[in-house]
1. For a 24 Å ceiling on Cα separation, which of these pairs sit above it: Lys60/Lys267; Lys291/Lys335; Lys311/Lys335; Lys267/Lys335; Lys267/Lys356?
2. Rounded to the nearest 0.05, what FRET efficiency do Glu430 and Leu450 give with R0 = 22 Å and r taken as the Cβ-Cβ distance? Could you check?
3. How big is the equivalent ellipsoid of the range 285-396 along its three axes, where each semi-axis is √(5λ) from the Cα gyration tensor, reported in whole Å from largest to smallest?
4. So what J values fall out for the range 374-379 if you push phi through Karplus, 6.51 cos²θ - 1.76 cosθ + 1.60 with θ = phi - 60°, rounded to Hz, Gly and Pro as x?
5. By count of other Cβ within 10 Å, fewest leading, how are Asp76, Asp389 ordered?
6. Once label points are set 7 Å from the Cα along Cα→Cβ at both Ala314 and Glu375, what is their separation, rounded to one decimal in nm?
7. Under a point spin-label approximation (7 Å from Cα along Cα-to-Cβ), what is the Lys356-Ala307 distance to one decimal in nm?
8. Taking neighbour counts of Cβ atoms within 10 Å as a proxy for exposure, in what order, fewest first, do Arg306, Arg361, Arg385 appear?
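Values quoted throughout were computed directly from the atomic coordinates according to the rules given, and no laboratory measurement underlies them. Quick caveat: nothing in here was measured; it's all calculated off a predicted structure. For neighbour counting, all protein chains shown are included, and Cβ atoms are generated from backbone atoms with ideal geometry for every residue, glycine included.
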Amino acid sequence: MRAHILPLPARLLRRAFVAATAAAVALGSVQTAAAQQKLPIVRDAEIEALVRDYARPILKAAGLGNSGIEIVLVNDPSFNAFVAGRRIFVNTGALLSAETPNEIIGVLAHEAGHIAGGHQQRLRDQLARAQTMAVLAGLLGVGAIAAGAAAESRGLGQAGMGLALGGSEMARRSLLSYQRGEETTADRSAVTYLNKTGQSPRGMLKTFERFQSALALSGAQVDPYRISHPTPRDRIANLEALAHESLYFDKADPPELQQRHDMMRAKIAAYTQGQGALQRLFRKGGDPLAKQYGAAAVAFLSGAPRAALPKIDALIKAQPKNPYFYELRADALVKANQPAEAARAYATAVKLDPAKSGLLRIGYGQALLAIGTSEAAQQAAEQLRIGLDRDPENADGYRSLAQAYGQLGEIGEAELATADGYYYSGAYNEAKIMAARAQQKLKRGSPGWLRAQDIINTKSGKRKG
């Protein structure tokens, strides 16, 4: 696994920040929005492929199959998911906590309901209305306060203050009520999508039951009129009858999908929380191969790649066509300073990968680059270009491509790749400086020269043409 934990690029950050700001306004807290400014994004070929497989039929049922919806993984231990623009963000904590694929599929169906229902735009409209209501109430209150002062009437001034504060509270409650209504609509849409795809809504109910249990254990007293979502108890009550009417309520996930899910959970536990979390995950049993996978990952992460290799080879023997076992083997070999063998393992992973992940190609290119010969650098550049064609916003890939071009003496191309790396990291000033340097070495009017010009001309945070 190459679990890249990256800061959210600034262009994506703004989209996430819009959703976070809406939540902050609704909850009366600026901390919620501020926290979203440092979203740690996880990149992993295996997990991304699995979650896309979960989402694909749901998005099609929602009429979003050709809408370019992206799934983004967030390294956060809480059980949460949210929508921003055309992206569905899913926390690793949700993936780790969900015991079945169906639970995550229910979460994705709910988020798809928000996108298909146009809830983000409607929320922006409601925010504007709420802000207008608050401003008008404030103006009326100020007017009453001023009138009270002119008339030397303390009572009228106090009434004006109450009018201003009450108007703001009314606007906030109106917005929260609207949001709760949209959440209920998204829940119902999710059941519709699950029925269309022949999947059970049981996972959704289990998720809400988990939330209800956690809330009860916390002892927190929640005012249902001051939150942006219905309480878990209300959501269960609203959905229980509808869910039980489904013809697919008792349908279980296919065993092979459950095994992939278990292996994903083992990987997340190993990479984000370590040996202890892995032991807790399999305390009551679970898929044996997933348990072995997690143990191999822990061995690799503990700084003993050579000790991990026999464990990984046992996994490959059990599933010789699993590309992600070869990916883990390649990573262990890189760590053991055996880049040539690592490159061969990556080549196998790339060949077996049904999802054609750009991440695996980039990993292959990086292993080739570590060999250190001109021939390997040439092959690395080729693999990195293919990977970046499939994953064009991968800043880490551009940095490796720049290194490959540097080894080959192609300085203009190296500086252009460096500029792209800066650009997709959100460092726009540095990107423009490197793009200008690259142009001096590239043929005027060539594709590379034009890409550099695009970077130079781009306003901060705006996508290149």
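1. Violating the 24 Å Cα-Cα cut-off are Lys60/Lys267.
2. Efficiency for this residue pair is about 0.65.
3. They are 25, 16, 11 Å, listed from largest to smallest.
4. Per residue, the Karplus-derived 3J(HN,Hα) values read 5, 4, 5, 5, 5, 5 Hz.
5. Lowest to highest Cβ neighbour count: Asp389, Asp76.
6. If labels sit at Ala314 and Glu375, their model points lie 3.7 nm apart.
7. If labels sit at Lys356 and Ala307, their model points lie 4.1 nm apart.
8. By the 10 Å Cβ count, ascending, the order reads Arg306, Arg385, Arg361.
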